[in-house]
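Asker: Quick one: the structure is below, questions incoming.
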Amino acid sequence: MLVSKLYRPKSIEYYHFLKLQRRNFSFQPVFESLNHASEILIQLHADSMLPWWIFIPLTTFTMRTCFTLPIAIYQRHGLRKQNELRPIIQATTPVLRAKLASIAQTEQLKNSKNKNKNKNKNSLNNILNNEKATLTADKIMILSTKEKYKRQKLLFKKYNCQTWKLMLLPAIQIPLWISFSYMFRIITGWTDLTKNSAIDMSLTNETFLHLNNLSISDPYFILPITLGIVSLCNAEWNFKTADLMQLTTRGKKNTLRPTAFDVIITLSRSSLIFLTAISTQAPAALVIYWISSNSYSLIQNILMDKFLPLRYTPYERFTSSEKVPSDAKPLMKY
């Protein structure tokens, strides 16, 4: 018996209800919040009675000290713990490879002895034993690497220094830098997103070095060049720190092949050139903020490496040659 079903078309109100249920994502609330924050900055500047070229670095240093410095210290302690645990993890790699090679050799001997007995058997145990017996050098390398990273993850979790925690600082610092850059764009009027934003007229009347107006770009490119130098020093300091961490006990790198870190270094240097080019057209007040932020990062990194150094092998960055006697001889010769 055939049963026919009648489908009534859904009403227009139903489709209108579904349309209302859809979520609309917009950045307009974020822009409005930043507009209000820029007004608060203007009011704070008026109450402080400080010139903009002092108020901007002071605000930057205060903001970085309150928000990013505690996270940077916490992250540095995590990195120090990881560097203390890495020798333990690296020591397990040859043990794992030797263990896998021993298992493969044992299974090969068993298969050679029991080849005639288990010739017609295709049990699951025989299949597993055959897989163990066919472990090649490449398979042993892959399996040992997987096991090493698995144990590394468990060890980092045990000592509360997981790798994902290293992303906390950039996850907060980058949005904060973008937000303050946008706020100073609003204050200086260097934006098309907020056409009716008020510009603080004190920017046009203040003098700083060779500039008589902080709301326009530097015609002599002194501030952009300063920004490029400070940013490059900060980046190269971080790259040097990472290179020292990659040295072996013989003072050489683990590998001479280009790594993902080398790609990041190249991209970072390219981004610094792009930022310097933008600063030639940006208002002077905004460039002062960028210089202040990069200067704080450079000072922070230098002090971190001085008082909370990472494990540098075989040399430390701040080790002075005067501490070593002239007649000292190395314990081992390579």
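The values are calculated or read from the model by the stated rules, or taken from the named source; none is laboratory data. What you see is a predicted model, and the numbers here were worked out from it, not measured in a lab. As a convention, Cβ positions derive from the backbone with ideal geometry for all residues, glycine included, and neighbour counts pool all protein chains shown.
Asker: So for segment 155-169 (the condition being of a type in the set (Lys, Arg), part of a helix (DSSP H, G or I) and farther than 29 Å from Asn294 by Cβ), does at least one residue qualify?
Answerer: Yes, there is a match, as at least one residue in segment 155-169 is of a type in the set (Lys, Arg), part of a helix (DSSP H, G or I) and farther than 29 Å from Asn294 by Cβ.
Asker: Check whether at least one residue in segment 43-54 is at pLDDT 90 or above, within 27 Å of the chain's Cα centre (by Cα) and under 30 Å from Gln300 (Cα atoms), and report yes or no.
Answerer: Among the residues of segment 43-54, not one is at pLDDT 90 or above, within 27 Å of the chain's Cα centre (by Cα) and under 30 Å from Gln300 (Cα atoms), which makes the answer no.
Asker: Report, by residue number, each residue of segment 202-228 that is within 13 Å of Ala277 (Cα to Cα) and either of a type in the set (A, V, I, L, M) or outside any loop (DSSP other than H, G, I, E, B) (or both).
Answerer: Across segment 202-228, the qualifying residues are Ile222, Leu223, Pro224, Ile225, Thr226, Leu227, Gly228.
Asker: Taking interchain pairs and intrachain pairs at least six residues apart, which have beta carbon atoms under 6 angstrom, with the first residue in segment 158-187 and under 19 Å from Ser279 (Cα atoms) and the second surrounded by 12 or more Cβ atoms within 10 Å (Cβ to Cβ) and of a type in the set (D, E, K, R)?
Answerer: Ile187/Asp200
Asker: Give the residues of segment 74-105 that are among the hydrophobic types (A, V, I, L, M, F, W, C) and closer than 18 Å to Trp164 by Cβ, sorted by residue number.
Answerer: Residues satisfying the conditions are Leu79, Leu85, Ile89.
Asker: Checking the condition modelled with pLDDT of 75 or more, within 25 Å of the chain's Cα centre (by Cα) and closer than 30 Å to Asp47 by Cα, which residue from Leu168, Leu176, Leu203 passes?
Answerer: Leu176
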